[in-house]
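Trainee: Mind having a look at this structure? Questions to follow.
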Amino acid sequence: MNDEQNPSAWAVSTPQRFTDIEFADDYTRQDLHEYVLYPQMCGNIILEGGFGSGKSTIAAIIAKERLGTTVSVYEINGDAWGDDTLIKLRGIFNLARVCHEIPIVIINEVDRLKDKQFKLRDFLDEHHQRLLVIMTTNHLANIDGSIVDRSDVYRVRGFEPQRAVRVAQRVLQRNGVAVADNDLLQLFERNLIGDETELSLRQIGRAMDKLVLQVGKRQPSRPEKPMLTVI
């Protein structure tokens, strides 16, 4: 059976709307939700955080909820920035203005622009408050200070084990699997590496995929029997 026929537990829970996104703190959720609620908001924002924290997903869903699948959204990875990128960006900007839309530019791993960051800075100044630029990075210190100063920075945190339990339970319930909170908490605490205190969404997802597979094979065949609980 291929992956499309047997999606993982985490794939089933892939967010489709902003309200589906899991955040480690409510403040960041509220601040970023404003870009969905008020589609006229422009400016530059930087989503910074660890690997697998969901930054790219957040950026993509903000763009989707504001503009759908129109050509007014342009997404690029920092290391793919080429000599013709600025030409493409200006083309997207001009087309969006003709369509009376506020264009959105998503630059993932913006720190990988390296010495090309100054070209981005000039573009931001050229189109100040006329578009929304969403940048993501795992290394805020590698972004030139002049770009950081022109942007609102939002920390997309990882999940402490207690918060990870709440996220995991929602996924498990959708997959018909019952696991005690204390068992999940112990699992996540074991998954912390070194002196880390937070888990990424990818770490939580892998743990849930394993649980669903393990418990699913042990589920009783008769529907009238109680659901198996992992001890």
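The values are calculated or read from the model by the stated rules, or taken from the named source; none is laboratory data. On a predicted model such as this, the values are computed, not experimentally measured, just so you know. Cβ atoms come from the backbone with ideal geometry, glycine included; neighbour counts cover every protein chain shown.
Trainee: Among the candidates 47, 32, 89, single out the residue that is outside any helix (DSSP H, G or I) and either surrounded by 18 or more Cβ atoms within 10 Å (Cβ to Cβ) or at positive phi (or both).
Mentor: Details: 32 fails: outside any helix (DSSP H, G or I); 89 fails: outside any helix (DSSP H, G or I).
It is 47.
Trainee: Just checking, how many residues over the stretch 51-91 are within 21 Å of residue 41 (Cβ to Cβ) and either touching an Asp or Glu at 6+ places or on another chain (Cβ under 7 Å) or touching a residue at least 12 places away in the same chain (Cβ under 8 Å) (or both)?
Mentor: Here is the first cut: in the stretch 51-91, the ones within 21 Å of residue 41 (Cβ to Cβ) are 54-75, 89.
Right, trim to either touching an Asp or Glu at 6+ places or on another chain (Cβ under 7 Å) or touching a residue at least 12 places away in the same chain (Cβ under 8 Å) (or both) and you get 54-63, 65-67, 70-75, 89.
Selection size over the stretch 51-91: 20.
Trainee: Sticking with this one: Where in the stretch 124-197 are there helices (runs of 4 or more DSSP H), lying wholly inside it, with at least 3 residues that are over 27 Å from residue 20 (Cβ atoms) and at pLDDT 95 or above? If you could, list the steps in order and put the result at the bottom.
Mentor: Values: elements: 145-149, 161-174, 181-191.
Those helices (runs of 4 or more DSSP H) span 145-149.
Trainee: Somewhere in the stretch 100-113, is a residue buried (at least 20 other Cβ atoms within 10 Å of the Cβ), under 27 Å from residue 30 (Cβ atoms), out of contact with any strand residue (DSSP E or B) (no Cβ under 7 Å at 6 or more places or on another chain) and of a type in the set (A, V, I, L, M)?
Mentor: no
Trainee: Identify, from the list 59, 168, 164, the residue that is in the same structural domain as residue 192 (by TED's automatic domain parsing), in contact with a strand residue (DSSP E or B) (Cβ under 6 Å, 6 or more places away or on another chain) and of a type in the set (A, V, I, L, M, F, W, C).
Mentor: On the way: 59 fails: in the same structural domain as residue 192 (by TED's automatic domain parsing); 168 fails: in contact with a strand residue (DSSP E or B) (Cβ under 6 Å, 6 or more places away or on another chain).
Exactly one residue qualifies, and that residue is 164.
Trainee: Take residue 82 and decide whether it is in the same structural domain as residue 148 (by TED's automatic domain parsing), under 29 Å from residue 192 (Cα atoms), part of a loop (DSSP other than H, G, I, E, B) and not polar (S, T, N, Q). Step through it out loud before you land on a result.
Mentor: On the way: in the same structural domain as residue 148 (by TED's automatic domain parsing): yes; under 29 Å from residue 192 (Cα atoms): no; part of a loop (DSSP other than H, G, I, E, B): yes; not polar (S, T, N, Q): yes.
For residue 82, the condition - in the same structural domain as residue 148 (by TED's automatic domain parsing), under 29 Å from residue 192 (Cα atoms), part of a loop (DSSP other than H, G, I, E, B) and not polar (S, T, N, Q) - is not met.
Trainee: In the stretch 109-123, what residues are part of a helix (DSSP H, G or I), in contact with a Gly (Cβ under 6 Å, 6 or more places away or on another chain) and without any contact (Cβ under 8 Å) to a residue 60 or more places away in the chain? Walk me through it before giving the result.
Mentor: Let us first name the residues in the stretch 109-123 that are part of a helix (DSSP H, G or I), namely 110-123.
Narrowing further to those that are in contact with a Gly (Cβ under 6 Å, 6 or more places away or on another chain): 110, 112-113.
Within the stretch 109-123, 112, 113 meet the criteria.
Trainee: Show the residue pairs meeting these rules: Cβ distance below 7 Å; 6+ apart or different chains; first residue within the stretch 144-169 and farther than 14 Å from residue 48 by Cα; second residue small (Gly, Ala, Ser) and part of a loop (DSSP other than H, G, I, E, B).
Mentor: That search, which allows pairs on different chains as well, returns 159/24; 163/24.
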